[in-house]
1. Roughly how far apart, in whole Å, are the Cα centres of the range B:228-296 and the range A:21-38?
2. May I ask you to derive the relative contact order of the range A:53-102, considering only C-alpha pairs under 8 Å and at least 6 residues apart, and to give it as an integer percent?
3. On average, how many beta carbons from a partner chain sit within 10 Å of the beta carbon of a residue in A:80-92?
4. Could you pull out which residues in the range B:247-280 have an amide N less than 14 Å from a spot 7 Å beyond the Cα of residue B:123, following the Cα-Cβ vector?
5. Would you calculate the volume per residue, in Å³, of the smallest convex hull containing every Cα atom of the range A:63-103?
6. For the range B:1-60, what's the relative contact order in percent, using C-alpha pairs closer than 8 Å and at least 6 residues apart?
7. Could you grab the Rg to Rh ratio for chain A? Cα atoms only, Kirkwood for Rh.
8. Please compute, for peptide A:136-142, the average count of beta-carbon atoms on other protein chains lying within 10 Å of each residue's beta-carbon.
């Protein structure tokens, strides 16, 4: 297995394992058998959100999701966000453990903190280099958004 | 003359979030031993229907009122206003950093509402009392809330507000249906009491309050717009835009939410077309629509939805798409931009973009 790529978010280095596929909404995808793949948040996403407090899904196993369909909601130390399907596909299962204890996302985002499995066509997903490039091109505006919002909201550390 | 009791009402979290429920219970428990407070527990304020006993209780309170809820203060305040529970907006310091609190003046007891706002203001007479909506999400611990209630108590005493004419809180006898849910595990209250004690919540031997008044009748989840009349200019664009008959006007041609339950669950479209951001959906995920005071220094969380794949697009396109979706769900024809589109939107590009517009544009260009 080759070395993971790193993406610098200020002093923080987001780790991007090279064997994974990636989606533009900052989810990773681990290619599985019979077209069933596992998805979770990248360490980049987790760093933006900080500690995850609360996770809620609006979908059930067996349901067909369209790409970018709103599928849930997350609340973290610093942020809230809707959650959106990274690709179209059939939901095979949600990670029940992470629903019980969302902090798994914080401690092991590429392992026990996985989110769900989809039977899906993942040909549109990115490899690690493409995802790294995607992060680079988006980093400037993302930083501006977060800094300005935090200033406005008095959330600066 | 003794100081009047301050009524503290806890509006429960609609879900069964254990941490939230635990905070509610801690606050109730701490306030119960305090004769200067009248404590009541109601279900989520937003969900209360017009006949709910919790609402009848709130309407009977005449004195100063602290409302603890899981809603933004603006949202809670104007939900109460809609139900005829009116007063001056009591500014909380909960969740505010020190430097901003220094600048805040206690409003004069002569003042009606903040004068700088362009809105038409609440209808009818504003009784001479203060309503303090506190957002429990601003509190990390029960102690934070209790300290703020103490501060409010002092502020109310210092204000020397004369009693409003007519009856006072102490003479009102609402129906006290004590389910005692919050405290039954302490063994002080049986699980269900269904009688009317002479002095509700006060134990007969010690005179100390032993249980909060609870009005926890079932409340189906509701979804409807809440108008902030301190911002609303009565432009009636929401009336034109909504095709489900939610809005109407009163006898004075003032906009009102006439048929709240005709509103389509999850759809915040009218809020997006409101030029004053006066329409709130208190349970919508985006803080601005849910009633957050953006920039007011509250501990609002940032919304990262756009980074994680949420739809971009300008507010009007979003609103039109949301409206079309609801029309189709209701078996009607989508109307797109053909009906009820505010004319000002055609000139929207003329307005200078504010900082947030620019940021959002940046995100749109990310091409998620």
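1. What the calculation gives is 40 Å, centre to centre.
2. Numbers: 87 pairs, mean separation 20.7, N = 50.
Here the relative contact order equals 41 percent.
3. 3
4. B:247-260
5. On the way: hull volume 3.0 nm³, N = 41.
Value for the range A:63-103: 73 Å³ per residue.
6. 41 percent
7. Result for chain A is an Rg/Rh of 0.95.
8. Values: counts 0, 3, 7, 0, 2, 10, 7.
Mean partner-chain Cβ count within 10 Å for A:136-142: 4.
None of the figures in this text is laboratory data; all of them are computed from the coordinates on show. This one's a predicted model, so the numbers in the text were calculated from it and none came from an experiment. Cβ atoms come from the backbone with ideal geometry, glycine included; neighbour counts cover every protein chain shown.
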